[in-house]
Amino acid sequence: MSLKINEDNGTLTAVYQTDEETKTIIASHVIVTLPPHLADISIKYLPELPTAVSQAMQQTQTWMGQAMKVSIVYETPFWRQHELSGLAVSYRGPVQQFHDASPDNGSCGALFGWLGDGSVGRTLSFEERKAAVIAQVTRIFGPEGNSPLHYSEVNWDREPFTTDSSYQLENPHEHPQYGHPLLQEPQLNGRLHFASTEVSPINGGYLDGAVYIAKRVSERIVGS
Ligand SMILES: Cc1cc2nc3c(=O)[nH]c(=O)nc-3n(C[C@H](O)[C@H](O)[C@H](O)COP(=O)(O)OP(=O)(O)OC[C@H]3O[C@@H](n4cnc5c(N)ncnc54)[C@H](O)[C@@H]3O)c2cc1C
């Protein structure tokens, strides 16, 4: 799969190609909403973007792109019978934070949990991690924790549409400075705009930031 965006005389041509098809779209403006790091490595721009812009994109880490989440489903939210909320913070791990994720309709009980970068659980195999998480639930919430109906996990570090797996976090424990000034400027003759949450100078990284930057970019285009 490849995507090229060419600018010529005020017109943009986006060519999207897979093994099965090639699609060409002619546009007066293009809004790129991929995380900047991915927008740099997975889209070819012609003429090329200025080096400083490309570097700013490369250096912008995808918010939560290194996160790992597990979910464990039970017949009932048994922890409530022990007068526990399902919320837990653990320094021992492997899960560092649990939350009650049970559906409102009471059809089952569910917990979800985060495994941050520093968790020893990140270095375990799937089976080892599953066993360690279930043991932790049992330790914290009660013996029923040992009999889950279902366990699943997602590592956003391994999701190619979220994170380039070669990307190294510089400050994994701090919220990055988002909204790089160079990414506020439209490129390719003022017709290529960046609008992922990491571009937002307000609440960058969060859903709020995505909404803010989408509104700002669309107003800029409508007003141009
Ligand atoms: C685990 C996790 C937990 C989070 N928790 C919270 C939270 O509690 N509160 C909060 O405010 N925010 C949270 N966020 C952040 C929130 O998800 C983002 O702020 C929001 O999704 C950003 O919106 P966006 O439109 O900028 O990008 P995205 O929603 O990431 O959209 C970018 C899209 O681009 C697609 N894409 C990437 N590469 C390509 C390609 N080559 N071709 C085609 N499509 C591509 C991706 O599949 C994706 O759909 C969390 C994120 C993660 C990963």
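The values are calculated or read from the model by the stated rules, or taken from the named source; none is laboratory data. On a predicted model such as this, the values are computed, not experimentally measured, just so you know. Cβ sites come from the backbone with ideal geometry, for glycine too, and all protein chains shown count toward neighbours.
Summed over the range 9-36, residues that are crowded, with 18+ Cβ neighbours inside 10 Å and within 10 Å of the ligand (Cβ to nearest atom) total 4. The helices (runs of 4 or more DSSP H) found wholly in the range 123-224 and carrying at least 1 residues that are farther than 20 Å from LEU3 by Cβ and at pLDDT below 95 occupy 207-222.
The set of residues in the range 45-76 that are of a type in the set (Val, Ile, Thr) and either away from the ligand (no atom under 16 Å from the Cβ) or out of contact with any Pro (no Cβ under 8 Å at 6 or more places or on another chain) (or both) comprises THR51, VAL53, VAL70, ILE72, VAL73, THR76. If we scan the range 124-138, do we find a residue that is on the phi > 0 side of the Ramachandran plot and surrounded by 19 or more Cβ atoms within 10 Å (Cβ to Cβ)? No, the range 124-138 contains no residue that is on the phi > 0 side of the Ramachandran plot and surrounded by 19 or more Cβ atoms within 10 Å (Cβ to Cβ). Restricting the range 177-224 to residues that are within 8 Å of the ligand (Cβ to nearest atom) and of a type in the set (D, E, K, R), the residue that is farthest from PRO50 (Cα to Cα) is ASP208.
A Cβ distance below 9 Å, combined with a sequence gap of six or more or placement on separate chains, defines the contacts here; from the range 152-163, residues that are under 21 Å from VAL73 (Cβ atoms) reach residues that are at pLDDT below 90 and more than 8 Å from the ligand (Cβ to nearest atom) in the pairs ASN155/GLN66; ASN155/ARG122; TRP156/GLN66; TRP156/THR163. Hey, any hits in the range 190-198 for a residue that's surrounded by fewer than 22 Cβ atoms within 10 Å (Cβ to Cβ) and of a type in the set (Asp, Glu)? No - not one qualifying residue is present in the range 190-198. Of everything in the range 66-89, what is in contact with a helix residue (DSSP H, G or I) (Cβ under 9 Å, 6 or more places away or on another chain), of a type outside the set (Asp, Glu) and farther than 27 Å from THR162 by Cα? Give them in sequence order. TYR74, THR76, PHE78, TRP79, GLN81, HIS82, LEU84, SER85, GLY86, ALA88, listed by residue number. Kindly check whether there is at least one residue in the range 107-117 that is farther than 29 Å from ASN203 by Cα and surrounded by fewer than 16 Cβ atoms within 10 Å (Cβ to Cβ). Yes, the conditions are met somewhere in the range 107-117.
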